[in-house]
Amino acid sequence: MAKEGAQRAEETEQMIEKEGGKEAAEGSAASSLRAGDTKEMRAVMLSAFGGLNKLRVSKKAMPEPQEGELKIRVKACGLNFIDLMVRQGNIDNPPKTPLVPGFECSGIVEALGDSVKGFEIGDRVMAFVNYNAWAEVVCTPVEFVYKIPDDMSFSEAAAFPMNFVTAYMMLFEVANLREGMSVLVHSAGGGVGQAVAQLCSTIPNVTVFGTASSFKHEAIKDSVTHLFDRNADYVQEVKRISTDGVDIVLDCLCGENTGKGLSLLKPLGTYILYGSSNMVTGETKSFFSFAKSWWQVEKVNPIKLYEENKVIAGFSLLNLLFKQNRSGLIKGVMDKLLNLYTSKKIKPVVDSLWALEEVKEAMQRIHDRGNIGKLILDVEKAPTPLMANDSTETSEAGEEEEDHEGDNENKERMPFIQ
């Protein structure tokens with residue numbers, strides 16, 4: 001009897017252990033399921049303002065649309081020079097980090113927030129986003145979203161909004177471009193520069209003067225009337241061709257180019273500043289570079305403007321959209337631009353496609369002014385395999401960066417160039 005009792009006790013203990021293990025396993029599975037209820041996505045995260053090593057692709061909670069918003073499954077994102085300035089914190093009132101950079105994208109509508117009209121799930125769209133564009137999913141108010149023409153690719157759509165709206169508004173809304181006028185545009189090989197050249201070609205007899213790095217000249221020579229090396233004395237070159245100067249100057253450089261641009265204006269001419277890329281000289285924000293560029297800006301005398309009949313203006317598309325609430329104006333401009341696209345008068349120029357994990361190399365290419373047209377982050381593109389000799393990251397200043405985490409995923413990669 002004692003022996004049978006002992007056996008029953010042992011069997012009971014084994015059953016308890018077995019059931020306890022089963023319950024523990026089930027509890028663990030349930031816990032994992034609950035944790036999985038929060039959907040995640042890949043996104044480019046800027047951990048702090050500074051160099052390229054502040055960028056990482058990581059997991060982030062997927063957003064859901066609020067009232068008046070669309071949820072977009074992103075296919076491609078635009079990369080602009082302003083993104084370099086954001087990374088450095090070289091802008092007015094920068095947001096707090098960590099953050100997801102990026103201001104434009106294209107993709108497919110995945111969900112609609114309350115009160116959204118005019119769109120359906122499955123629509124192909126492009127959109128402006130107030131940060132957070134460099135991710136697999138974004139949510140943005142419906143007034144910043146536009147349908148993509150059937151024959152426009154996602155990469156072209158991601159290259160369209162910022163560049164063409166900026167170029168159109170400067171030329172036609174601010175400077176009132178008309179037949180027979182002349183335009184000087186800096187960085188003629190970049191995304192905005194190429195958009196300016198194409199839009200000028202839609203108006204009869206417009207002369208376009210452009211500056212660009214000499215290695216780009218062969219590729220873009222047909223898009224502008226007169227092309228100069230960015231390091232040459234373009235003021236004298238322009239005056240040699242046009243003694244009176246030009247009607248419109250579009251300046252994304254700032255610094256000493258401000259005074260040069262004003263000196264080239266004809267009477268009733270318009271100078272427009274829309275960027276300050278000369279302030280970005282290295283990988284991180286430099287007070288010396290900022291101060292040097294600032295002090296090179298010619299002090300504008302209103303009396304002199306009055307006497308010479310000249311106009312000086314500034315243009316910031318992002319401020320117009322997100323701070324000054326002019327989305328209705330932008331919508332009208334986008335309608336005109338899309339009509340020009342469907343009539344095959346303009347077409348976005350895509351320089352190259354990059355995986356999210358290659359964002360550092362893409363930024364380096366923009367910093368080096370190596371692009372002709374727009375750089376695109378392709379969300380579905382796989383990163384290019386590591387090169388055997390890429391053992392360290394290289395900064396924009398040509399110096400090795402520290403890589404404290406030793407993360408191979410963030411080493412230099414070879415880009416895929418279209």
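The values are calculated or read from the model by the stated rules, or taken from the named source; none is laboratory data. Since the model is a prediction, treat every value here as computed from it, not as a measurement. No Cβ is skipped: glycine too gets one built from the backbone with ideal geometry, and neighbour counts run over all protein chains shown. Each accessible area value is taken on the protein alone, full model and side chains, heavy atoms only, with ligands, DNA and RNA left out. Shrake-Rupley method; radii C 1.70, N 1.55, O 1.52, S 1.80 Å.
Accessible area, 1.4 Å probe, largest first: how do GLU69, GLU143 sort? Each step should come with its number before you reach the end.
Numbers: GLU69 40, GLU143 85 Å².
I get GLU143, GLU69, largest accessible area first.
Please report the relative contact order for the stretch 125-164, taking Cα pairs under 8 Å with a sequence separation of at least 6, and give it as a percent rounded to a whole number.
Numbers: 29 pairs, mean separation 20.0, N = 40.
That works out to 50 percent.
In what sequence, highest mean first, do 249-256, 229-236, 45-52 appear when ranked by Cβ atoms within 10 angstrom? List each step's numbers first, then the result.
Working: 249-256: 22.1, 229-236: 14.0, 45-52: 18.2.
Top to bottom by mean Cβ count within 10 Å: 249-256, 45-52, 229-236.
Please identify the trypsin sites (Lys or Arg not before Pro) of the stretch 47-129 that satisfy two criteria: DSSP loop assignment and at most 16 other Cβ atoms within 10 Å. Which are they? Write down the numbers at each step before the final one.
Values: sites: LYS54, ARG56, LYS59, LYS60, LYS71, ARG73, LYS75, ARG87, LYS96, LYS117, ARG124; in loops: LYS96, LYS117.
The qualifying sites are LYS96, LYS117.
A 26 angstrom limit on the alpha carbon distance is what I want to check against. Which of LYS75/LYS147; LYS75/LYS117; LYS75/LYS336; LYS60/LYS381; LYS117/LYS347; LYS39/LYS347 exceed it? Could the numbers behind the result be given before it?
On the way: LYS75/LYS147 14 Å; LYS75/LYS117 22 Å; LYS75/LYS336 24 Å; LYS60/LYS381 19 Å; LYS117/LYS347 28 Å; LYS39/LYS347 36 Å.
Beyond 26 Å between Cα atoms: LYS117/LYS347; LYS39/LYS347.
Local charge sum around GLU67 (other residues, Cβ-Cβ under 14 Å, Lys/Arg +1, Asp/Glu -1)?
Details: positive: LYS71, LYS117; negative: GLU64, GLU69, ASP114, GLU143.
Computed value for this residue: -2.
At 1.4 Å probe size, what's the solvent-accessible area of THR225? Round to the nearest 10 Å².
For THR225, solvent-accessible area is about 80 Å².
Over the stretch 163-341, what is the relative contact order in whole percent, taking alpha-carbon pairs under 8 Å and six or more residues apart?
Numbers: 273 pairs, mean separation 34.4, N = 179.
Reported relative contact order: 19 percent.
So what is the relative contact order for the stretch 150-218, in percent, with contacts set as C-alpha pairs under 8 Å and at least six apart?
Values: 66 pairs, mean separation 23.3, N = 69.
It comes to 34 percent, rounded to a whole number.
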